[in-house]
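Contents: one structure, followed by commentary.
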Amino acid sequence: MSQQDRRLGAPRRAPVSSPRRGRTVAVALIVGVAAAATVGLAVGIARGNSAGTTDPFAGRDLYLDPDGSAARAASTTTDPAERAAAAVIAAQPAAIWLTPEHVPAGDVREHVGAIVADAASADAQPVLVVYGIADRDCGGHSAGGLPPRAYLDWVDQIAAGIADQPAAVVLEPDSLAMSTDCADPGERIDLVASALERLDGDRTAVYLDGGHSDWLAVERMADLLRGAGIDRARGFATNVANTRETDDELAYATALADRLGGAHAVIDTSRNGAGPPPDGEWCNARGRALGDAPHVIDHPVVDALLWIKPPGESDGECNGGPRAGRWWPEVAVELAAEPPASR
């Protein structure tokens, strides 16, 4: 089973309400750019959090998955432009998505255990995305998931696979911000809280769904996070699979943390290099660009800028895209037309 088949890809994103500034992105890719793609990862400083742990990324590189869809494409694609784009993307660490459809309960403990052990051997921090909640995506492009009891059993196996190894976990993107659009918001929030309890290991830093800067009001998002037990988590993740600009997300994360008593955050910069499209499209928006390369930042709230959504993977069968999570070479070339910035 290929890496791209082990992920369903991006969750459905709420439509944005207003256009944002962007920059024109050339689609042409100079093949030789891949050779200059390696970017060093900054080392953070230790910071405490409301859950009583220190910064999970301090003093550690981010784990680079050798079996990611971009790495596979870079080694197998014959088209020069597509191969170079895949190499640019594969040179940066991205989160590894776990879905029950492709890594079921009988396999997920061993699968996760192998990832965290490989990361530990390299003194690197893996970022895992747990994405299997009941009524996932409320029937959208990434619909699926498990019934509540089976879901929690699956999460138990993920926690057992992590065991006592370091890991950062982004728990159920969109699950909270989208909850009011789903059939039973209260049950959904309770299920996230139960999953969080199961992942509450000493060396596991969990980030709950924090929406993004142009979705829910800060006060409403804070209420949802409290309901899901944010006080037991490291914090929240914003902009997952979306294209909001980093500065907007930094301001949003700071405002949200202020209402949550000091929770920390991570921001997805995988596709926000050109900002959101003028028409507000969220699903396979074209003409986007890679954002900041993943790295730890020295910020009172935000622990790191991460590529949570692996660039080059489809959001679903929208705007001409393949099934969610499939590698889409054409879009990968667009995204990599400008190499990711490093700070």
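Taking 7 Å along the Cα-to-C-beta vector as the label spot, tell me the Asp223-Thr78 distance in nanometres, rounded to one decimal.
A separation of 5.8 nm, rounded to one decimal place.
How large are Rg and Dmax for the stretch 55-111 when only the alpha carbon atoms are used, in Å?
Answer for the stretch 55-111, Rg first and Dmax second: 14.4, 41 Å.
Compute, for the stretch 125-267, the length of the dipole vector about the Cα centre, with Cβ point charges of +1 (Lys, Arg) and -1 (Asp, Glu) only. Units Debye, rounded to 20.
It works out to roughly 240 debye.
Return the FRET efficiency for the residue pair Arg203, Asp107: r is the Cβ-Cβ distance, R0 is 25 Å, and the value is rounded to the nearest 0.05.
The formula returns an efficiency of 0.65 here.
Please report, for the Cα atoms of the stretch 119-243, the Rg to one decimal and the Dmax as a whole number; what are they, in angstrom?
Rg and Dmax of the stretch 119-243, Cα atoms, are 14.0, 43 Å.
Report Rg (one decimal) and Dmax (nearest whole number) for the stretch 109-190, counting Cα atoms only, units Å.
Using the Cα atoms of the stretch 109-190, the pair Rg, Dmax is 14.3, 43 Å.
Quick one: if the Förster radius is 30 Å, what FRET efficiency do Ala117 and Glu317 give, using the C-beta to C-beta distance and rounding to 0.05?
Computed FRET efficiency for Ala117 and Glu317 comes out at 0.25.
State the Cα centre-to-centre distance between the stretch 314-332 and the stretch 206-254 in whole Å.
One Cα centre to the other: 26 Å.
Translational D (Stokes-Einstein, µm²/s) of the stretch 166-236 at 20 °C and 1.002 mPa s when Rh comes from the Kirkwood sum over C-alpha pairs?
177
Over the stretch 58-178, what lengths in whole Å, largest first, do the semi-axes of the equivalent ellipsoid take, defined as the square roots of 5 times the eigenvalues of the alpha-carbon gyration tensor?
Sorted largest first and rounded, they come to 26, 20, 13 Å.
Quote the convex hull volume per residue of the stretch 84-153, based on C-alpha atoms, as a whole number of Å³.
Spelled out: Cα convex hull of the stretch 84-153, divided by residues, is 109 Å³.
When only alpha-carbon atoms count, how far does the stretch 266-343 stretch along each of its three principal axes, as whole angstroms with the largest first?
Principal extents (Cα only, largest first): 40, 24, 21 Å.
5 Å is the cut-off here: which amide hydrogens, built 1.01 Å from N in the peptide plane, fall below it relative to Asp61, excluding neighbours closer than 5 in sequence?
Answer set, sorted by chain and number: Gln125.
Taking the highest mean first, how do the peptides 180-186, 302-308 order by number of other beta carbon atoms within 10 angstrom per residue?
302-308, 180-186
Along the positive direction of the dipole of the stretch 258-343 (beta-carbon charges: Lys, Arg +1; Asp, Glu -1; about the Cα centre), which of Pro278, Pro329, Val266 reaches farthest?
Looking along the dipole axis, the top candidate is Pro329.
Read the figures in this text as sums done on the coordinates, not as results from a lab. Quantities reported herein were computed from a predicted structural model and do not represent experimental measurements. Backbone-built Cβ (ideal geometry, glycine too); neighbour counts: all protein chains shown.
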